[in-house]
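The values are calculated or read from the model by the stated rules, or taken from the named source; none is laboratory data. Everything numeric here is computed off the predicted structure, so don't read it as measured data. Don't worry about glycine lacking a Cβ; one is built from the backbone with ideal geometry, like all the others, and counts go over all protein chains shown. To get the accessible areas, we keep the full protein, side chains included, count just its heavy atoms, and leave off ligands, DNA and RNA. Shrake-Rupley method; radii C 1.70, N 1.55, O 1.52, S 1.80 Å.
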Amino acid sequence: MSLNFSGRHFPTDIIMQALRYYQAYKLSYREIEEMFAERNIHFDHSTLNRWVIKYAPQLEAVFRKRKRRVSGAWRMDETYIKIKGRWVYYYRAVDKYGTIIDFYLSETRDEPAARVFFNKAINQHGLPEKVVIDQSGANAAALESINIRLWLSGCMLFMIEVLAIKYLNNIVEQSHRKVKGKMHQCLGWKSWEGAESTLAGVELWSMIKQGQMNTTEKMTPWEQFYSLAA
């Protein structure tokens, strides 16, 4: 998958730099607009918003093809995200080292939503050995349904161990901070599409900063980010 920047009024490197500033730092669209204006590069804050919506999910999808493997010991939790004045649910998982595994935005906090999240993460990383969850019955039910499916298919040796141990989940709860910080800076999102795109971009930058990009070259985090558009 390659990104298509054709038809844009600005060079790719300008678009990518503006995207990185927004995803990496607590900067608003208007603040980034002002920073570039100082360099005599003029675009409207609404233009940057369109760039985020269009390109952040695509960049994250490109990164997934270059993502390093994660540990088989997962920590899963969900947090609250505000969209159009309404609280929705953001599922996330990290491994025992704090490495980001996956994330998923959902209108509901129930077993089907948890199952969609786990299937998404498993499709990317394969089956975990064990998953630590909170006391949510929905998360336990989702993992049980996956284990039943494995058992019915004859894969009993690969069934997932499920643990509900509060202190072991502290690492994923602390990992929510970057996401929550962006939400507070935005005062909540005005659209589902804007929230999903911004969250994909924030998670992407966090994964790059954590060294989760599989590359044989010695590159700085920002060089790794820009290489996704190559």
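Taking (1) open to solvent by 20 Å² or more (accessible area, probe 1.4 Å); (2) touching a residue at least 12 places away in the same chain (Cβ under 8 Å); (3) of a type in the set (Val, Ile, Thr) in turn, residue 79 satisfies each apart from (1).
Remark: pairs (first residue in the range 170-184, surrounded by 13 or more Cβ atoms within 10 Å (Cβ to Cβ); second residue assigned to a helix (DSSP H, G or I); Cβ separation under 8 Å; 6+ apart in sequence or on different chains) = 178/202; 178/206; 179/199; 179/202; 179/203; 182/198; 182/199; 182/202.
Once the range 111-163 is narrowed to residues that are assigned to a strand (DSSP E or B) and not hydrophobic (A, V, I, L, M, F, W, C), the residue that is farthest from residue 74 (Cα to Cα) is 161.
Just one of the listed residues (93, 142) is within 24 Å of residue 69 (Cβ to Cβ), buried (at least 18 other Cβ atoms within 10 Å of the Cβ), over 16 Å from the mean Cα position of the chain (by Cα) and not charged (D, E, K, R), namely 142. The residues of the range 102-111 that are in contact (Cβ under 8 Å) with a residue 24 or more places away in the chain and open to solvent by 60 Å² or more (accessible area, probe 1.4 Å) amount to a single one, 109. The set of residues from the range 4-26 being of a type in the set (A, V, I, L, M, F, W, C), open to solvent by 20 Å² or more (accessible area, probe 1.4 Å) and in contact (Cβ under 8 Å) with a residue 60 or more places away in the chain comprises just one member, 5. With a requirement of 2 or more residues that are modelled with pLDDT under 95 and of a type in the set (Asp, Glu), the strands (runs of 3 or more DSSP E) lying completely within the range 41-109 that satisfy it span 73-83.
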